[in-house]
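Everything on this sheet refers to the single structure shown next.
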Amino acid sequence: LNSIRALIDENPSRARTAITELSNILRSSMQVDKAETVSFEKELNIVKDYLALENMRFEDRLKVEYEIDEDTLDQQVPPMMLQTLVENAIKHGISKHIRGGTIKIISDFKNHYHELAVQNTGNLNGGLNAEGFGLSSTQNRLGLLYGDKASFEIKQVTPSIVEARVLIPVQMN
């Protein structure tokens, strides 16, 4: 809100867009209890709104990359799950680096799974046992929806990149 407030005089058009992005995020978060899953496309659009808002805060310190197989867009995912992973990546990765870093969102099919990954510049501190609600909530929600058929892991994939990866059984339409 403070970033949007600062934009009102400086760039009213961007401030209006930012308010719309924030509205979309808030609307989606209020609907979380109403649906067990949403299309990945809908979830991705919310994340794009969120990243646009964060870009106001981080400016050139935040770079975003997408590696999305378009065939995955109609797959069902738990609502706000990707949002949680991206928010975690910014909070524990990008914001900790003076020069910022990159968030990369990957969505693809791997064997009979929908693979979702969020990679970010940073170092893993504690993994799933670290304090905080987001990652443990993600793991619990996956367990409730898919039992042991889904998996979630977070790991250091290179000395400077952390990856949170979710595998969800593919649902055929």
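The values are calculated or read from the model by the stated rules, or taken from the named source; none is laboratory data. Given the structure is predicted, the values throughout are model-derived calculations rather than measurements. Cβ: placed from backbone, ideal geometry, glycine included. Neighbour counts: every protein chain shown. These accessible areas exclude ligands, DNA and RNA; they are computed on the full protein's heavy atoms, side chains included. Shrake-Rupley method; radii C 1.70, N 1.55, O 1.52, S 1.80 Å.
I'd like to check something: does segment 138-160 contain any residue that is farther than 26 Å from Leu62 by Cα, open to solvent by 60 Å² or more (accessible area, probe 1.4 Å), in contact with a Phe, Trp or Tyr (Cβ under 7 Å, 6 or more places away or on another chain) and not acidic (Asp, Glu)? Checked against the condition, which is being farther than 26 Å from Leu62 by Cα, open to solvent by 60 Å² or more (accessible area, probe 1.4 Å), in contact with a Phe, Trp or Tyr (Cβ under 7 Å, 6 or more places away or on another chain) and not acidic (Asp, Glu), segment 138-160 yields at least one hit. Taking the criterion of being assigned to a loop (DSSP other than H, G, I, E, B), of a type outside the set (S, T, N, Q) and either at pLDDT 85 or above or at positive phi (or both), the residues of segment 125-161 that qualify are Gly126, Gly132, Ala150, Pro159. Quick one: which of Asp108, Asp71 is among the charged types (D, E, K, R) and not in a strand (DSSP E or B)? When all the criteria are applied, what remains is Asp71.
For Gly93, state whether it is in contact with a strand residue (DSSP E or B) (Cβ under 8 Å, 6 or more places away or on another chain) and on the phi > 0 side of the Ramachandran plot. The answer is no for Gly93.
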